[in-house]
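Worksheet: one structure, shown below.
The values are calculated or read from the model by the stated rules, or taken from the named source; none is laboratory data. Everything numeric in this text was worked out from a predicted model, so none of it was measured. Backbone-built Cβ (ideal geometry, glycine too); neighbour counts: all protein chains shown.
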Amino acid sequence: MNLVIRQASLETLAAMAIWRYDPPYDFYDGDEEPVKNPERFFEVRDEQGVLVGFYYFEQRADALEYGLGMRPDLTGRGLGLEFVRAGLEFARRRFAPERIVLNVAAFNDRARIVYERAGFRLTGKHVRTFSRWGDVEFLEMEEER
């Protein structure tokens, strides 16, 4: 899969807001939290220009926080590892981070396994509270290099 990554447009952000995932992944539905920092989002398109997902990057003190999402109909089809790796390569070229970290909901074994295969390891846990979902545990992961 050849991916084209560029700054997310307002149209892309609007498209992501209506994405709907099957339970339990509906936790990631795009309308749950409005985009607060659109400049941190990058759209990912295939060679035909079709939106396949997004990456999110936020520079922290000594690490780059990495977030990502695939279009709902593409999830669970074995495309995740290639998608994660493409985002990591882009992040290294664009941001040259010392460290790359990410957070994933603890219930999301499917994503956690992909992240581990991409070279991330568990470094901690924390809980966030959501009005719709209540308390949700997150795994903190860091890329091993």
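Output the strands (runs of 3 or more DSSP E) that fall wholly within segment 43-145 and possess 3 or more residues being within 14 Å of the chain's Cα centre (by Cα), or say none.
51-59, 64-70, 100-105, 134-143
Hey, any hits in segment 12-33 for a residue that's within 21 Å of GLY76 (Cβ to Cβ), assigned to a strand (DSSP E or B) and among the hydrophobic types (A, V, I, L, M, F, W, C)?
Within segment 12-33 (the criterion being within 21 Å of GLY76 (Cβ to Cβ), assigned to a strand (DSSP E or B) and among the hydrophobic types (A, V, I, L, M, F, W, C)), the answer is no, since none of the residues qualifies.
Taking the conditions exactly as written (buried (at least 17 other Cβ atoms within 10 Å of the Cβ), without any contact (Cβ under 8 Å) to a residue 40 or more places away in the chain and not basic (Lys, Arg)), does VAL127 satisfy them or not?
no
Tell me which residues, restricted to segment 61-93, are among the charged types (D, E, K, R) and surrounded by fewer than 16 Cβ atoms within 10 Å (Cβ to Cβ).
ASP62, ASP73, ARG77, GLU82, ARG85, GLU89, ARG92, ARG93
Checking LEU102 against (1) buried (at least 18 other Cβ atoms within 10 Å of the Cβ); (2) more than 25 Å from ARG6 (Cβ to Cβ), only one condition comes out false. Which one?
Among (1) buried (at least 18 other Cβ atoms within 10 Å of the Cβ); (2) more than 25 Å from ARG6 (Cβ to Cβ), LEU102 violates only (2).
If you check every pair at least six apart or on different chains, which have Cβ atoms under 8 Å apart with a residue in segment 23-48 that is modelled with pLDDT under 95 first and a residue that is of a type in the set (Ser, Thr, Tyr) second?
Within 8 Å, the pairs are TYR25/THR75; PHE27/TYR21; TYR28/TYR21; ASP29/TYR21.
Of a type outside the set (Lys, Arg), surrounded by 11 or more Cβ atoms within 10 Å (Cβ to Cβ), free of Cβ contacts under 8 Å to residues at least 40 places away in the same chain and over 25 Å from VAL127 (Cβ atoms): does that describe ALA96?
So ALA96 fails the test.
Can you tell me which residue among LEU68, LEU81 is of a type in the set (A, V, I, L, M), at pLDDT 95 or above and out of contact with any Lys or Arg (no Cβ under 8 Å at 6 or more places or on another chain)?
Answer to the check: LEU68.
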